[in-house]
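See structure below.
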Amino acid sequence: MIKLNNISFKYDKELILDNFNLNVKTNEKIALVGMSGSGKSTILRIIAGLEKPQKGKVFIDSKDVGNIPTFQRNIGFLFQNYALFPFLNVKKNIEFGITKLNNQERAEKINNFAKLLGISKLLEKFPHELSGGEKQRVALARTLILEPKIILLDEPFSAIDTKLKNSIRNDLKAIFNNLNITLILVTHDIEDANVFCSRVINLDNSE
Amino acid sequence: MKKHKLNTFDDRKLFNVIGILILIFLFLPIFFIIASSLTKNSDYLELLIEEQFIRTYLFNTIELILKVGIISAFIGFTMAYIVTFYEFKYRNILKLLLLLPLAIPVYVGAYTYTGIFNSWPFLEVILKNNFTMNGSVFIFSIFLYPYVYLASRSYLNKNISEYIDVARTLGKSELSIFFKIILPVARPVIFASTALVIFETLSDFAVVNYYGAQTLSYILNISWLSLGQKDTASKLAILLLFVIFVLIYSEKLFRGKKEYANDSILFCPYKRRRTTGKQSLMIYSFIFIVLLLGLFLPVVQLLKYVSMNLDYIPKLNIIKITLNTLFTIFVTASIIIIVGIILSSIIRNYKHKKRTILSSLASIGYSVPSIVLALGVYMFFINVDKAIFFPILKLFGVNKYLLTSTRIALIFGLFFKFFSIAYSYFDQTLIKTGDNIFESAKTLGNNNLFTMIKINLPILRRGVKYVFIILFIDLIKELTLTYSLRPFNYKSLSTEVYRYAGNEMIEVAAYPSLVIILLCGLVITYVEIGGKNDKIK
C-alpha cells in the first residue's frame, strides 16, 4: 500500500536518507526505530508530503503521490508535541479538519470520537488546561476524525509521563486494533514498537 | 572556604527597598499629572467642553489610531508574511529595505511629503484627503509599519511551522491555512506591535500639528506649550491615558481564556515556497509601492532639498548639533541600561503574580504618550525646584530653577519614556534563563548582590549592545520630549528639524533630517546584516 522507492533526502548539506526503500502492506502496523538523526521522522514527513525528497518516489495504493499536496493525501499525522492549536478549544481543534460537513454531521462525529477517546468532558477546555495524556487523546481525535487510511505517529509517547505511558499505550493499542488502518510508528523505544506493531524496522542497521 | 563580607550579608531588604524606590520614581510623572488634574476646571477647559471640542478631539484621536493601526498592521504583517513564506529574487535585500522606513522620523516624513506633493500633485489627491485625516493617517502608517513588520517577521519565523504542517495533514489549503492558522497564531504579535505604532502615533504632536488633525495630543500640546494651561493639559493627558487603557484591556477581554503560544513545541524554521510568475509580479508590485512611498520618495526629496541649498551647510553647525545629540543619547542610554539591569535582577527574585505585576509596572513608560510624560516630568521637576532648590538658591541671591528645563530634566524625561525597552529585554532574558541557575548560586552561599554581579551581569551583558541600538534609534528620532523639556538654546537633530520646518524652511530641515536617517539606517543595517553572526541576533 505504501511504497518508498530509492528515497534520498538532504537537509541543508546533510544527507539524512540515502536510497531508502520501504514497503508497507494495507492495514499493516509497522515501527521505525533508530537513533536521533537516523531519519525516522523525515520518512513520515515525506510520506505525508511535508517534505519533498531530492530523489526517489513515494507510492500510495500504487499511485505516485509526488505531485499530490499534503492536504489531498488523506493521511493522519500525530505530531511529537501534538501541536494542538492553542487559540482553539478542544472541540474546535477536533473539528478543524471537518468544517466542510454540516453542523449535525460534525457534532455527531465529534461526539463519537470524543467518546471513543474518552475526552467528552474536555470539549470546552483549551489546550493549556489539559494534561499530557489528554492532549495526546485530543490530537489523536483530531487526526482520526478524518478517517484516514494511513496514520503516522511521530514519537507519540515522548511528551508523556512514564507512569501514565503504560495505560495510555494499552488504550491506544485497543483503539488501533479496532480500526482498519495502516499505521507507521516512529519511536526510539523498542517496547512501544513491540506493543503496537507487527514489524519493526531498525534504521540504524538498514542501509 | 573564606567568603568576602559583601558576599554573605543579608541584602534582601536592601534589594526590595531599591526596587520599590525605582518603581515609585518611574511613577512620579504620572502621579504629578493625576495630582494636577484633580484641580477645578479652568474657564478654558469649560469652553472646550461646552463647545464640544473635547468630544471632537477624542473622536478624532480614536479615528486616527484605528485607521493608523489597521493600515500599518496590514502593510507590516503582509510584508512579514511575504518574506517569511515565499522565496523570490532579491528577497534578502528587500527584507532589509522594508525595515528602513523606520529610520525616517514621522515628522521628517510629514515635512518631506509637502515637497513631494508639490512635485506630484496626483499623490496629494490620493494620500491627502478626509479619509487619511488630511494626510496624517498615511504618514503614520507608512513610516511606522516596520514595527509590525519586524515583530511579525521574527514571530512567524519561530512559532508557526508545526501548526502549518498539522493543518496540511488535516486537509487545509494554503489560503485556509493563512486565515485559520497564521493569522490567529500571529494575533498577539500583530496586536502588540500595532499597539507600539499607536503609542508612537499618540506621542507625536508635530505631524498632527503640521497636517491639522485635531487630536488630543494636538490640543494638549497647544494647552500646555502655547497657552501655559498646565492643569487643563493634565486633564487632557488623563483622557489620553484612558484611551490607551481601554485599548490595552479591550484586547485582554477579547482574548478571554485563549492562549496563542505553546512553549513546549520546538518549531523548525519554515521552508519558503518558490513564487510563481504571477505571485512574483504581485509581490514585487506591493513591495515597490511601499518602498517608493516609505523610503525612496522621501529620501530623494531630502537629497534634492540638500543639493539645492548647499551653501547652508556651514551655517548649520551640524557636527556640533550631532555630537550634542549623541552625548544626550549616550548618557540616557547608559542610565537606562544600568537601572534596567538592576531592576530586572531585583524583580527576578519575586515569583508568580507578584513578578508579573511588578514587571508590568516597570514597563508602563512606553505606553504613556510622550507629550503626557513630558508634562508629568516638567511638573515633577518644577515642584521639586519650587519646594527645595528655589528657596535655597534664593538665599544666595540666585533667582532661577535648578532642574526645570535643564539637560537633567530632559535626560530623565527620556529615561521615563524608554526605560521599559531595556527593562523588558533584560527581564525576558532572565526569564528564559530560568530560575535554577540563580537559585543554585544562592545555595552556594551568595547573596543577591553577588548573584547579580557574578551571574545576572554576564548573562545580560550580551544583550546590552542590542538594547543600546534600539535605544539609539528611538532616542535620536525622539522629538516631543526633547522639544518640551529641552533647556534654553539646546539644539538636537530632532529639534532642529522641527524648528526649521516650523519656520517654513523645510529645505534647511533636510540636513538634520538626513543625518538622523543616515545614522538610524546604518544602525538598522548593522543589526540586520552586520550583526548576523553576532549573538545579539
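The values are calculated or read from the model by the stated rules, or taken from the named source; none is laboratory data. Quick caveat, the model's predicted, so the values are computed rather than measured. Methodologically, a virtual Cβ is constructed for each residue, glycine included, from the backbone with ideal geometry; neighbour enumeration extends over all protein chains shown.
Hey, any hits in the stretch A:194-205 for a residue that's surrounded by 14 or more Cβ atoms within 10 Å (Cβ to Cβ), assigned to a helix (DSSP H, G or I) and over 12 Å from the mean Cα position of the chain (by Cα)? Give the derivation first.
Residues of the stretch A:194-205 surrounded by 14 or more Cβ atoms within 10 Å (Cβ to Cβ): A:195-197, A:200-203.
Going one step further and asking which of them are assigned to a helix (DSSP H, G or I), we end up with A:195-196.
Right, trim to over 12 Å from the mean Cα position of the chain (by Cα) and you get A:195-196.
Yes, the stretch A:194-205 contains at least one residue that is surrounded by 14 or more Cβ atoms within 10 Å (Cβ to Cβ), assigned to a helix (DSSP H, G or I) and over 12 Å from the mean Cα position of the chain (by Cα).
Could you check the stretch B:149-223 for helices (runs of 4 or more DSSP H) lying wholly inside it with 3 or more residues that are away from chain A (no Cβ under 14 Å) and aliphatic (A, V, I, L, M)?
Ranges flagged: B:183-203, B:206-211, B:216-221.
Looking at B:K304, is it within 22 Å of B:F143 (Cα to Cα) and among the charged types (D, E, K, R)?
Against the criterion (within 22 Å of B:F143 (Cα to Cα) and among the charged types (D, E, K, R)), B:K304 qualifies.
Per-residue answers, yes or no, for (1) within 12 Å of chain B (Cβ to nearest Cβ); (2) in contact (Cβ under 8 Å) with a residue 40 or more places away in the chain:
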site	(1), (2)
A:G132	yes, no
A:A139	yes, yes
A:I175	no, yes
A:L183	no, yes
A:V200	no, yes
A:D204	no, yes
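Report yes if B:K304 is over 29 Å from B:A509 (Cβ atoms) and either part of a loop (DSSP other than H, G, I, E, B) or more than 29 Å from the chain's Cα centre (by Cα) (or both), otherwise no. Steps first, answer last, please.
Values: over 29 Å from B:A509 (Cβ atoms): no; either part of a loop (DSSP other than H, G, I, E, B) or more than 29 Å from the chain's Cα centre (by Cα) (or both): yes.
No, not satisfied.
Within the stretch A:51-72, count every residue that is modelled with pLDDT of 85 or more and within 9 Å of chain B (Cβ to nearest Cβ).
1
Residues are listed down the side, and each one gets a yes or a no for (1) among the acidic types (D, E); (2) out of contact with any Ser or Thr (no Cβ under 6 Å at 6 or more places or on another chain); (3) buried (at least 19 other Cβ atoms within 10 Å of the Cβ); (4) within 26 Å of B:P29 (Cβ to Cβ):
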{"position": "B:V368", "(1), (2), (3), (4)": "no, yes, yes, yes"}
{"position": "B:I388", "(1), (2), (3), (4)": "no, yes, no, yes"}
{"position": "B:P391", "(1), (2), (3), (4)": "no, yes, no, yes"}
{"position": "B:G434", "(1), (2), (3), (4)": "no, yes, no, no"}
{"position": "B:F450", "(1), (2), (3), (4)": "no, yes, yes, no"}
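Mind checking which residues of the stretch B:343-367 are of a type outside the set (S, T, Y), farther than 12 Å from B:F419 by Cα and touching a residue at least 60 places away in the same chain (Cβ under 8 Å)? Steps first, answer last, please.
In the first step, residues of the stretch B:343-367 are kept if they are of a type outside the set (S, T, Y); the result is B:343, B:346-349, B:351-355, B:357-358, B:361-362, B:364-365.
If we keep only those that are farther than 12 Å from B:F419 by Cα as well, we get B:346-349, B:351-355, B:357-358.
Correct list: B:I346, B:I347, B:R348, B:N349, B:L358.
Looking at the structure I just gave you, is A:F85 at the interface with chain B (Cβ under 8 Å from one of its Cβ atoms), out of contact with any strand residue (DSSP E or B) (no Cβ under 7 Å at 6 or more places or on another chain) and more than 27 Å from A:H188 (Cα to Cα)?
Here the answer is no, as A:F85 does not meet what is asked.
Report, by residue number, each residue of the stretch A:1-21 that is touching a helix residue (DSSP H, G or I) at 6+ places or on another chain (Cβ under 9 Å) and either farther than 17 Å from A:F196 by Cβ or free of Cβ contacts under 8 Å to residues at least 24 places away in the same chain (or both).
Correct list: A:L4, A:I7, A:F9, A:Y11, A:I16, A:L17, A:F20.
For (1) modelled with pLDDT under 85; (2) under 15 Å from B:E63 (Cα atoms); (3) surrounded by fewer than 19 Cβ atoms within 10 Å (Cβ to Cβ); (4) not small (G, A, S), each residue gets a yes or a no:
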{"residue": "B:V189", "(1), (2), (3), (4)": "no, no, no, yes"}
{"residue": "B:A192", "(1), (2), (3), (4)": "no, no, yes, no"}
{"residue": "B:V207", "(1), (2), (3), (4)": "no, no, no, yes"}
{"residue": "B:L240", "(1), (2), (3), (4)": "no, yes, no, yes"}
{"residue": "B:Y249", "(1), (2), (3), (4)": "yes, no, yes, yes"}
{"residue": "B:K258", "(1), (2), (3), (4)": "yes, no, yes, yes"}
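Is there any pair with a first residue in the stretch A:51-71 that is charged (D, E, K, R) and a second that is outside any strand (DSSP E or B) whose Cβ atoms are under 7 Å apart and which are 6 or more apart or on different chains, and what are they?
Within 7 Å, the pairs are A:E51/A:T42; A:E51/A:R45; A:K57/A:G66; A:D61/A:M1.
Taking the criterion of being under 25 Å from A:I47 (Cα atoms) and either crowded, with 19+ Cβ neighbours inside 10 Å or touching a strand residue (DSSP E or B) at 6+ places or on another chain (Cβ under 8 Å) (or both), would at least one residue in the stretch A:120-135 satisfy it? Steps first, answer last, please.
Initially, the stretch A:120-135 is screened for residues under 25 Å from A:I47 (Cα atoms), giving A:135.
This time we only want the ones that are either crowded, with 19+ Cβ neighbours inside 10 Å or touching a strand residue (DSSP E or B) at 6+ places or on another chain (Cβ under 8 Å) (or both), so: A:135.
Yes, because at least one residue in the stretch A:120-135 is under 25 Å from A:I47 (Cα atoms) and either crowded, with 19+ Cβ neighbours inside 10 Å or touching a strand residue (DSSP E or B) at 6+ places or on another chain (Cβ under 8 Å) (or both).
Which of the residues belonging to the stretch B:24-71 are out of contact with any helix residue (DSSP H, G or I) (no Cβ under 7 Å at 6 or more places or on another chain) and of a type in the set (D, E, K, R)?
Residues satisfying the conditions are B:K40, B:D43, B:E46, B:E50, B:E51, B:R55, B:E63.
Any idea how many residues of the stretch A:25-50 are touching a residue at least 60 places away in the same chain (Cβ under 8 Å) and on the phi > 0 side of the Ramachandran plot?
Number satisfying all stated conditions: 3.
Within the stretch A:27-50, can you find the residues that are within 10 Å of another protein chain (Cβ to nearest Cβ) and either part of a strand (DSSP E or B) or in contact with a helix residue (DSSP H, G or I) (Cβ under 7 Å, 6 or more places away or on another chain) (or both)?
A:A48, A:G49, A:L50
May I ask you to verify whether A:D171 is of a type in the set (D, E, K, R), at pLDDT below 90 and either touching a helix residue (DSSP H, G or I) at 6+ places or on another chain (Cβ under 7 Å) or part of a loop (DSSP other than H, G, I, E, B) (or both)?
no
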